[in-house]
Amino acid sequence: MHSGAPGAYRLAGRGGGPLHSGVTPAPETDTAASLGAEPDVRLVQLTKRYGDVVAVDGVSIDIAKGEFFTLLGPSGSGKTTTLRLIAGFELPDDGRIELGGIDVTKRPPYARDVNTVFQDYALFPHMSVQDNVEYGLKIKKVDRAERRRRAEDALDMVSLAGYGARKPAQLSGGQRQRVALARAIINRPRILLLDEPLGALDLKLRQGMQVELKRIQGEVGITFIYVTHDQEEALTMSDRLAVFDQGRIVQVGQPAEVYERPSTEFVAGFVGVSNMLERDGRRFTVRPEKIRILDDGRPSDGEHVESGTVVDVAYAGMVTRYVVALDAGGELQVVRQNLETTSADALEDRGRKVHVAWRPQQTYAIEDGPPDQEEA
Ligand code: ADP
Ligand code: MG
């Protein structure tokens, strides 16, 4: 099913499972049901309206126990509303929510086995880190010694052992987000909902926390439903992801599947660079890193070759991005690793006539019809 090695953009992954190995073939289907167990979370035709706005429009998903499942989509596409419906902060106009096979659609938030981590941390500023983390257990009247012990374990898990006495104001943004995470996992919820939890962090810290979150999820074994608008984050972290557009799911799948075989032009453009071409009445997409610029080299057997002109070049350190206008019509973005090239070389390529080549099996037909829902 996977036609390429996913390693290029999957920086983190839980070991062992077939989703993360470059060697083991991927499973034939990607629905949670096919993974064998009853879904941990099941959304059936979930719908939420605000006046004329249909924020969530008939969303159906099955999420397996222990899965890292991401809701990916542009701002306003209905991700947060979906999360709030699962948490019980909002009630749907239509549809059903099941957690562990039990219908919780009408239950209040406290009667659902879920916890939410928000982007803005929502820590109590006047309380110490320790008291913030213990808070949920205190509400549940867990005794003091047990609270203390579990809070220490949770802080240890998020690499904040020894920070218990500090106030949130004495922590960095990344550390505060870890406290928020510790405060959520200490309750050992069945499901953890995370709404753009790394959105406020700078790039370096965000990348570090992505790896850390994956590790923590692997250790606690809780089902994560993760909201982000950042495609790279979604590709890096998720077991599977659902791409949202205007309140609907347009594609569900493993990262490599969605990236390499987008089902619609919207997905192709949102999860990567769209690179749409039309040849002989067939519309298709081909990913920038699957295209070669043939300097003086010749195409390999079976490669499709076209001529064109480099109309734009962007040197980006590790790679250079070229935009090539093809003589037969259309434009392609091509990414090339900077093995030998310097920024000066790259910029000189502007205006050059080139040949580009790709393997036909690296192209995927796009038929833009009505968005398909989960193929469960
Ligand atoms: P996302 O999280 O993907 O950015 P949201 O779920 O927050 O999207 O919003 C989806 C749509 O619903 C948007 O058009 C938004 O303006 C609208 N919306 C969300 N919450 C409310 C609300 N409480 N009242 C009115 N409209 C809302
Ligand atoms: Mg949101």
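Some observations on this one:
- Coil-residue GluC sites (Glu not before Pro) of segment 314-372, DSSP, other Cβ within 10 Å capped at 12: 340, 367
- Computed helical MRE - 222 nm, the chain, DSSP H runs ≥ 4 contributing -39500 (n - 2.57), nearest 500: -7000 deg cm²/dmol
- Principal axis extents of the Cα atoms in segment 274-365, from largest to smallest and rounded to whole angstrom, are 39, 24, 21.
- Taking the empirical scaling 2.2 N^0.38 Å for compact globular proteins as reference, segment 166-228 has a Cα radius of gyration ratio of 1.10.
- Calculated on alpha-carbon atoms, Rg and Dmax of segment 70-181 in Å: 16.5, 47
- Dimensions in Å of the chain - Rg and Dmax from alpha carbons: 23.2, 74
- Neighbour count of at most 10 Cβ within 10 Å plus DSSP loop: longest trypsin sites (Lys or Arg not before Pro)-free window in the chain: 142-376
- For segment 48-112, the convex hull drawn through the C-alpha positions has a volume of 96 cubic angstrom per residue.
- Whole-number D in µm² s⁻¹ for segment 108-265, Kirkwood Cα-pair radius fed into Stokes-Einstein, 25 °C, 0.890 mPa s: 147 µm²/s
- Over all other residues within a Cβ to Cβ distance under 14 Å of residue 147, the charged ones net out to +3, with Lys and Arg as +1 and Asp and Glu as -1.
Values in this text are rule-based calculations from the coordinates and carry no lab data. Because the structure is a prediction, the values reported are computed rather than measured. When we count neighbours, we look across all protein chains shown, and the Cβ atoms used for this are built from the backbone with ideal geometry, even at glycine.
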